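Below is one structure, written out as structure tokens; the observations come after it.
The values are calculated or read from the model by the stated rules, or taken from the named source; none is laboratory data. Note that the coordinates shown come from a computational prediction; the quantities given were computed from them, not determined experimentally. Reconstructed Cβ throughout: ideal geometry from the backbone, glycine too, with neighbour counts over all protein chains shown.
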Amino acid sequence: MELDLVVTTLARALAFSTPLLWAALGEIVVERAGVVNLGVEGMMILGALAGFVVAQTTGDPWLGLLAAMAAGGLTAALHAFFSVLLRANQYVSGLALTIFGLGLSGLIGRSWVGRPLTNPMEFVDVPILQSIPVLGPALFQGQYALSWLGLLAAIALWFVLHHTRLGLTIRTVGENPAAADAAGVRVLTVRIWTVIFGGVMAGVAGGFLSLAYRPSWGQGMTNGLGWIALALAIFALWDPLRAIFAALLFGTFFTLSFSLQAYFAPQLLTMMPYLFTILALTVIALRKGAGAFGAPEALGEPYSRGER
Amino acid sequence: MTWKWEPRGEPTAALVWGVSLGAVAFAMILTGILFAFFGVAPIPAFVTIVERTILDARGLSEVVRRSIPLMLAGVGLTLAFRARFWNIGAEGQLLIGAVAAAGVALFSGLPATLLLPTMFIAGFLAGAAWGLGPALLKVRLGVNEIITTLMLNYVAIYIVRWLINGPWKGRSMAGFAYSDMFDPAAFIPTLGATRLHWPTLLLAILAALLVTWLLARTRFGFEVRMMGESPEAARYAGVDFFRTTLILVLVSAGAAGLAGVGEVAGIHRRLVDPGSLSIGYGYTAIIVALLARRNPLAALVTALFLGWVAASGDVMQVALRLPSQITGVTQGLVLLSVIGAEPLLRYKLVRVRKTQPPTAGEVA
């Protein structure tokens, strides 16, 4: 009986954490290259809409996912253009992306509201792994493919960032762009492509929402998840493996808070993930000491050759 | 013969205005194209909007009343942004200000003459308190204020929802989620039959003057500008970051709290759903402050412009049956084209003979 509770809590936590993980992984890579993109929420919502529209029209949720990725990537390209090429303030550009994305999705999506997706993504079981006690049924039985693909993506990204030449290049661009430039790395090119990659990942996160988690389209359906993903990237200290645990922690906490429904008003429970985000950042800061988050050195600073 | 970008000195006021207006016009045209693309004929829509906002007295009053919260919150943000404190939390500060004012109006039992002043003070203090946490976390622990102020927006939204569904749910409003109507003594007076609550408008103008004075004439303002322009120099000059940040956030967040008082006591006159209480004023105020180039007096003008955009959104919702979120399209495009035009202020295009074409880095 109690074991059942653990299993269902874990299973729900994994589902809830999936969009957070995908979006946070993208942002981790982007920030590792020295760019902040506050437009996660905007890229996610456009991804969610594009995914839904294509899946509804073609009947294939996986085609929908491709569309979601493309939409996220295209939106991110705007950010790359303004903040990397034109060296505009990254915070402002990202924020503009979020405002624009929420608005545009409202305009385009107005005729699609309130119709459930006819052919959503289905649950899958992972052979072999599903027979592991406790963890098997929780994580590998009756879950969305994107949930465990997210875990795989995290491991893959960790490997790329820390054990390949490409990862070293990306990290150098974020830590010391001038040195990377001197070593022959095309800093702006690296930044542009990482920003677009981050958008594609946010697109997956949005697609997961509209194609699997809540197979439908609703105005503003991302509901701040993009912002939580941004906090998650910091909470995970820009490490993809830590992001898995951070996302699962958020998911577990969120799921658990719903078991308290008998004691608290639902509005107070819905507030929890947001409060928990602040709490998590505070705990990290207290443990690490002021200003010692270990953020990439050149985070948030536009780069141009020959300045300073 | 080729063209080359060259850095220029401090841009003149005329250039700043010219480029900003050009960028805004560019954004409006892009909005029109997007609308056309997604099935809304832009020119008839634009004509309808102008007829019902600018050419109509009642419409005009709607433009101004929409801009009041944007002025208050926007002026506050110009101060925060001067010091590079990226307060994204004006939305939550506004909502909590409204909650405090509603609390005073519903439960204080104060005499009529004291009621409104107390509501404004409570709103200011509550908004300021909502900004206090992120300010402390930022200066003491280095926690990113963008994330914390933003998360508190959602917390504020759910606090309002909880109050109007639970403890403050109105007795007379069975089935609907809002509080009881305030006592008429708690209504902010409006201009004639319009919804233009002019005392709040006066307050906004006063706030802009006050912040201008603070920035230009006081030691505090000097420290704020120094923190923003050159934190290193500020440290050497012995600026107390802790104290200065705390004060500037209190003023900035308090102003947003006042905006909330204006909305709840000037427009709705009871605590309503956060989605109707604020149509994203706190976020739009960020655009107001940035478009004003962090100048509090200019923020009054940009707030009027974005108030017009919001009022146009209302017209489109009623006349063209479009969802309210679409004002975000205009807002986002304005913001993007303004930052995209920024290089024009820092560089000029000059004609030169036989030179290397500029690299991407130099152009930007």
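Some notes on this structure:
- Pick from the range A:207-226, criterion under 15 Å from A:MET272 (Cβ atoms) and touching a residue at least 24 places away in the same chain (Cβ under 8 Å), ranking: farthest from the chain's Cα centre (by Cα): A:GLY224
- Residue in the range A:16-39 that is at pLDDT 95 or above, over 25 Å from A:ILE155 (Cα atoms) and within 14 Å of chain B (Cβ to nearest Cβ) present: no
- Within the range B:212-236, being free of Cβ contacts under 8 Å to residues at least 12 places away in the same chain and among the small types (Gly, Ala, Ser) holds for B:ALA216, B:GLY221, B:SER230, B:ALA233, B:ALA234.
- For the range B:323-355, a tally of residues being surrounded by 18 or more Cβ atoms within 10 Å (Cβ to Cβ) and at the interface with chain A (Cβ under 7 Å from one of its Cβ atoms) returns 14.
- One residue from B:ILE68, B:ILE88, B:ILE96 being in a helix (DSSP H, G or I), within 14 Å of chain A (Cβ to nearest Cβ) and buried (at least 24 other Cβ atoms within 10 Å of the Cβ): B:ILE96
- Members of the range B:29-40 that are within 14 Å of chain A (Cβ to nearest Cβ), closer than 17 Å to A:PHE100 by Cα and either surrounded by fewer than 16 Cβ atoms within 10 Å (Cβ to Cβ) or not β-branched (Val, Ile, Thr) (or both): B:LEU30, B:GLY32, B:ILE33, B:LEU34, B:PHE35, B:ALA36, B:PHE37, B:PHE38
- Qualifying residue in the range B:103-124 (condition: at pLDDT 95 or above and of a type in the set (S, T, N, Q)): yes
- Complete set of residues in the range A:82-99 that are assigned to a helix (DSSP H, G or I) and free of Cβ contacts under 8 Å to residues at least 60 places away in the same chain: A:PHE82, A:VAL92, A:SER93, A:GLY94, A:LEU95, A:ALA96, A:ILE99
- Filter result for A:SER210 (crowded, with 24+ Cβ neighbours inside 10 Å and away from chain B (no Cβ under 14 Å)): yes
- The range A:164-197, subset of a type in the set (D, E, K, R) and without any contact (Cβ under 8 Å) to a residue 12 or more places away in the chain, residue nearest to A:HIS79 (Cα to Cα): A:ARG186
- Of the residues examined, B:LEU77 is one that is farther than 20 Å from B:GLN325 by Cα, within 14 Å of chain A (Cβ to nearest Cβ), under 21 Å from the mean Cα position of the chain (by Cα) and in a helix (DSSP H, G or I).
- For the range A:281-295, a residue qualifies if it is more than 7 Å from chain B (Cβ to nearest Cβ) and at pLDDT 85 or above, and exactly one does: A:VAL283.
- Some residue of the range B:130-152 being aromatic (Phe, Trp, Tyr), within 11 Å of chain A (Cβ to nearest Cβ) and under 22 Å from B:PHE81 (Cα atoms): no
- Which numbered condition B:VAL104 misses (of (1) surrounded by fewer than 24 Cβ atoms within 10 Å (Cβ to Cβ); (2) part of a helix (DSSP H, G or I); (3) more than 20 Å from the chain's Cα centre (by Cα)): (1)
- Where a residue in the range B:158-185 is modelled with pLDDT under 90 and its partner, wherever it lies, is not in a loop (DSSP other than H, G, I, E, B), with Cβ under 6 Å and at least six apart: B:ALA177/B:ILE164; B:ALA177/B:ASN165; B:TYR178/B:ILE164
- Residues satisfying the criterion are absent from the range B:29-49 (criterion: touching a strand residue (DSSP E or B) at 6+ places or on another chain (Cβ under 8 Å) and in contact (Cβ under 8 Å) with a residue 24 or more places away in the chain).
- Those residues of the range B:139-154 which are surrounded by 21 or more Cβ atoms within 10 Å (Cβ to Cβ) and assigned to a helix (DSSP H, G or I), in sequence order: B:GLU145, B:ILE146, B:ILE147, B:THR148, B:THR149, B:LEU150, B:MET151, B:LEU152, B:ASN153, B:TYR154
- Unique residue being crowded, with 24+ Cβ neighbours inside 10 Å and within 18 Å of the chain's Cα centre (by Cα) when the list is A:ALA55, A:ALA50: A:ALA50
- Condition check for A:TRP238: touching a Gly at 6+ places or on another chain (Cβ under 8 Å), modelled with pLDDT of 85 or more and within 14 Å of chain B (Cβ to nearest Cβ): yes
- Inside the range B:310-322, residues that are more than 11 Å from every other protein chain (Cβ to nearest Cβ) and touching a residue at least 12 places away in the same chain (Cβ under 8 Å) make up a count of 6.
- Of the residues making up the range A:126-155, those that are without any contact (Cβ under 8 Å) to a residue 12 or more places away in the chain and exposed (fewer than 13 other Cβ atoms within 10 Å of the Cβ) are A:PRO127, A:ILE128, A:SER131, A:PRO133, A:LEU152.
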